[in-house]
Every structure is written in C-alpha cells, then in structure tokens.
Amino acid sequence: MSKPFLTILFSSALIAQALAGGVERPEGWWVVLGSFANPDLSAAHDKEIRSLRSRAARCGVDPFNDFSNKFRGFAPRFDVVAVGAYKTRKSAQSVLHRVRACVPEAYIKFGRHLGE
C-alpha cells in the first residue's frame, strides 16, 4: 500500500471513531456542540442537552455532557456538550465540519477533561 493511501485510511478511521462517540483522550481539541450557563451546577438544562444530543446523533456524533468546571481551559459554571478530545486542531476541524450540518453553532476549543 502506498503512504498516501495509508494516511487517508488512517484519517478516515479516526473520523469514523470520532463520529461514533469521540476519541478517549483527556486533553486536546474538543468539538463543543453547546454550553448552557449553570451557576448552581444543577440538572436544569437536561431538556436542552437531550435536544442537542439528538441533533448531533443525526450527523452520527455521540457526544457526552459534563460540567465545565471539570475541564481545564473552559469557563466555569456551564453544562457542556462535547465530543473529543482530538490530538490535533485539524482532526477536530474535520469533525466540526461534519457536525455543523446538524449543529451549526458548534465550535472547537482546547482543554483538558479532569474526570470525576
């Protein structure tokens, strides 16, 4: 196999993995599908989060949501719906390009998920 073919094959596999549920990395570029102010860190935005997840699913993306306080590099006190993290900005931009068909307000941001 030629090197360009392997590069395309590998890149396609990464995009497919991302669209199917994200790449399990704690730090990198995140595709943020939406965020909602949540100063008391309650479940107040569950309906909006479910709606956003449903829209993302139409583009083959399975995001997760968490409080922004659990991300280094994100503003605190928000509910965040995201997919990632991706090692490179270019990888995140590839997913962003696809997901914007269903979630036009999506954007990318660098950060580290700190876990539970």
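Worth pointing out:
- Members of region 68-78 found to be touching a Gly at 6+ places or on another chain (Cβ under 8 Å) and in a strand (DSSP E or B), listed by number: Phe71, Arg72
- Residues of region 79-97 satisfying the condition of being farther than 11 Å from Lys109 by Cβ and either open to solvent by 70 Å² or more (accessible area, probe 1.4 Å) or assigned to a helix (DSSP H, G or I) (or both): Lys87, Lys90, Ser91, Gln93, Ser94, Val95, His97
- Entry remark, region 23-51: residues being in a loop (DSSP other than H, G, I, E, B), free of Cβ contacts under 8 Å to residues at least 40 places away in the same chain and open to solvent by less than 20 Å² (accessible area, probe 1.4 Å) number 0 in total.
- Hits in region 52-67 - residues which are in a loop (DSSP other than H, G, I, E, B), touching a helix residue (DSSP H, G or I) at 6+ places or on another chain (Cβ under 9 Å) and either among the basic types (Lys, Arg) or open to solvent by 60 Å² or more (accessible area, probe 1.4 Å) (or both): Asp62
- The one condition in (1) in contact (Cβ under 8 Å) with a residue 60 or more places away in the chain; (2) buried (at least 22 other Cβ atoms within 10 Å of the Cβ); (3) out of contact with any helix residue (DSSP H, G or I) (no Cβ under 6 Å at 6 or more places or on another chain) that Phe71 fails to fulfil: (1)
The values are calculated or read from the model by the stated rules, or taken from the named source; none is laboratory data. As the structure is a prediction and not an experimental result, all values here were calculated from the model. So basically every Cβ, Gly included, is an ideal-geometry build from the backbone, and we count neighbours across all protein chains shown. Surface areas here come from the heavy atoms of the whole protein model, side chains and all, with no ligands, DNA or RNA. Shrake-Rupley method; radii C 1.70, N 1.55, O 1.52, S 1.80 Å.
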